[in-house]
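Below is one structure, written out as structure tokens, with a few remarks after it.
Values quoted throughout were computed directly from the atomic coordinates according to the rules given, and no laboratory measurement underlies them. Small disclaimer: the values here were computed from a predicted structure and weren't measured. Cβ coordinates were reconstructed from backbone atoms using ideal geometry, including for glycine residues, and neighbour counts include every protein chain displayed.
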Amino acid sequence: MAKLYFRYAAMNAGKSTALLQAAHNYEERGMKVALFTAAHDDRAGTGTIASRLGLVRKAAGFGADTVFERAGLADDVACVLVDEAQFLSREQVVQLHRLAQCDGIPVLCYGLRNDFRGEAFPGSAALLCLADTLEEMKTVCACGRKASMNMRLDSSGRRVSEGEQVLIGGNDRYRAVCPSCFYAGAGADAASAPGLFG
Ligand SMILES: [Zn+2]
């Protein structure tokens with residue numbers, strides 16, 4: 001039975017790499033996939049999914065107006081893969097859940113669980129509610145513990161704790177950290193937190 005999967009992690013955990021590997025696994029067996037990513041994410045240019053290991057694939061960009069429905073996909077699509085799934089709306093997550101449950105197309109969503117303030121993204125909140133399978137992709141904090149939070153830094157490496165939820169193109173402005181380091185660094189210069197950057 002097809003399911004909606006949410007594979008979540010902190011920043012730089014290799015989500016895009018894992019997505020492209022999953023797509024490759026389908027295609028290796030002669031099956032067609034549909035790739036989506038957030039249209040406003042210009043890290044690799046609109047409509048591309050770029051892994052930090054160097055793989056790049058074209059993808060359809062989804063925006064607020066995008067409707068995910070069976071009729072919008074090629075007849076022979078075997079799987080839908082969505083990168084930057086934290087930027088989906090709740091309605092879009094419901095559409096993707098229906099694609100899996102009513103139309104029998106597996107949907108694999110990859111994204112962040114929380115933002116730099118420790119708050120939910122709309123897509124992540126809905127996916128945590130509705131996904132049939134939740135899978136955490138683990139990454140490590142500089143202190144050695146599991147990183148599950150995202151710290152935003154300014155251009156000089158100082159912790160930023162207020163501001164807009166989305167910083168376009170700012171992938172290098174985040175550190176994945178454990179909750180302990182996240183709270184220890186609150187309001188302080190992150191670079192001065194003991195052990196934080198090893
Ligand atoms: Zn830590």
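For the chain, a crude dipole built from +1 on the beta carbon of Lys and Arg and -1 on the beta carbon of Asp and Glu, taken about the Cα centre, is about 600 debye to the nearest 20. Compared with the dominant Cα axis of the chain, that is its longest principal axis, helix 15-28 is turned about 20°. A cut-off of 5 Å between modelled amide H atoms, ignoring neighbours fewer than 5 places along the same chain, links L88 with G123. Counting 0.36 nm for each residue step from K3 to E91 and taking away their Cα separation leaves a gain of 30.0 nm. Each Cα pair under 8 Å and six or more residues apart adds its sequence gap; the mean of these over the residue count of the chain is a relative contact order of 26 percent. Taking amide H as placed 1.01 Å from N in the peptide plane, V160 has its amide H under 5 Å from the amide H of R152, L153, D154, each at least 5 places away in sequence or on another chain.
Taking the Cα centre of segment 58-98 as reference, the dipole from Cβ charges on Lys and Arg (+1) and Asp and Glu (-1) amounts to some 80 debye.
Applied to segment 172-181, the Karplus parametrisation 6.51 cos²θ - 1.76 cosθ + 1.60 on θ = phi - 60° returns per-residue 3J(HN,Hα) values of 7, 9, 10, 10, 7, 9, 7, x, 4, 5 Hz, with x for Gly and Pro.
Build a GNM of the chain with springs between Cα atoms under 10 Å: which of L127, L53, L81 gets the top mean-square fluctuation? Highest fluctuation of the listed residues: L53.
Is the C-alpha gyration tensor of segment 4-138 telling us rounded, prolate or oblate? Criteria: a/c under 1.5 is rounded; beyond that, a/b larger than b/c is prolate, otherwise oblate. Rounded is the answer for segment 4-138, as its axis ratio a/c remains below 1.5. In a DSSP loop and with at most 13 other Cβ atoms within 10 Å, the GluC sites (Glu not before Pro) in segment 26-112 are E69. Structure note, pairs K3/K32; K15/K58; K32/K138; K32/K58: Cα-Cα distances above 25 angstrom occur for K32/K138.
Looking at segment 73-182 alone, DSSP beta bridges between its own residues are antiparallel in about 75 percent of cases. Provide the net charge surrounding R98, with neighbours chosen by a C-beta distance below 9 Å and charges set as Lys +1, Arg +1, Asp -1, Glu -1. Neighbourhood net charge equals -1. Farthest toward the positive end of the dipole of the chain, out of L134, Q165, V33, is the Cα of L134, where the dipole comes from beta carbon charges about the Cα centre. Of the beta bridges DSSP finds with both residues in the chain, what % are antiparallel, to the nearest 5? Percentage antiparallel, nearest 5: 35. Around V177, which amide H atoms from residues at least 5 apart in sequence, or from another chain, sit under 5 Å from its own amide H, with H modelled in the peptide plane? So V177 has HN proximity to S148, M149, N150, M151.
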